[in-house]
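No value in this document is a laboratory result; all are computed from the given coordinates. These numbers were taken from a predicted model, which means no experiment stands behind them. Neighbour counts run over all protein chains shown; Cβ positions are idealised from the backbone, glycine included.
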Amino acid sequence: MASVRVVAAVFGGLSLAACGLPVPDYKVIQYPAPYRNEPSGAVLDNEDIILDAQGYRIDKEGNRIGEIDVPAKTANQPSNAVAGFYISSQKANAPGAVMAPSVGANAGAGYGQGSNSTTPAASTQPTQLAPRQ
């Protein structure tokens, strides 16, 4: 019976001690929401830029800001990061060529253009370490 009281006292003490734990900053500091609704019905982000229904930033004419046409931007470029790999959604290999390596790139680390091409010789032969005593 006494051991039950001891266990109950220990758990009670631990639960009281847990109440004094520090609170993380995200609980103390209230950060603003990433967007807000204006009384006019417009949705603005933290930089006061209007968002459309899908959440994209739009300018005063209603055009999306920062959206690019990737095929038009990469047209007539000879390199392609995935050139030669099979793309299942297109059911074909990716067009283009893989970028050519820079001068000296295939010689290993530190052998590129502008680096010292001489390798230092080893000062001594490696020695076997003695075990600790």
Would you please put 41-53, 22-34 in order of how densely packed they are, using the mean number of other Cβ atoms within 10 angstrom per residue and starting with the highest?
41-53, 22-34
With T = 10 °C, eta = 1.306 mPa s and Kirkwood Rh from C-alpha pairs, the Stokes-Einstein D of the range 25-98 in µm²/s is about 97
Among rounded, prolate and oblate, which fits the range 21-66 when a ≥ b ≥ c are the square roots of the eigenvalues of its C-alpha gyration tensor, a/c under 1.5 means rounded, and a/b larger than b/c means prolate?
prolate
Listed by chain and number, the aspartates and glutamates with an alpha carbon less than 18 angstrom from that of residue 60, same-chain partners under 8 positions apart left out, are 38, 45, 47, 48, 52
Cleavage-rule hits, trypsin sites (Lys or Arg not before Pro), the range 37-74, DSSP coil, Cβ neighbours within 10 Å at most 15
60
30 Å Cα-Cα reach of residue 91 towards lysines, excluding residues that sit fewer than 8 places from it in its own chain:
73
For a quick check: with amide H placed at 1.01 Å from N, whose amide H comes under 5 Å from residue 56's, ignoring anything fewer than 5 positions away on the same chain?
none
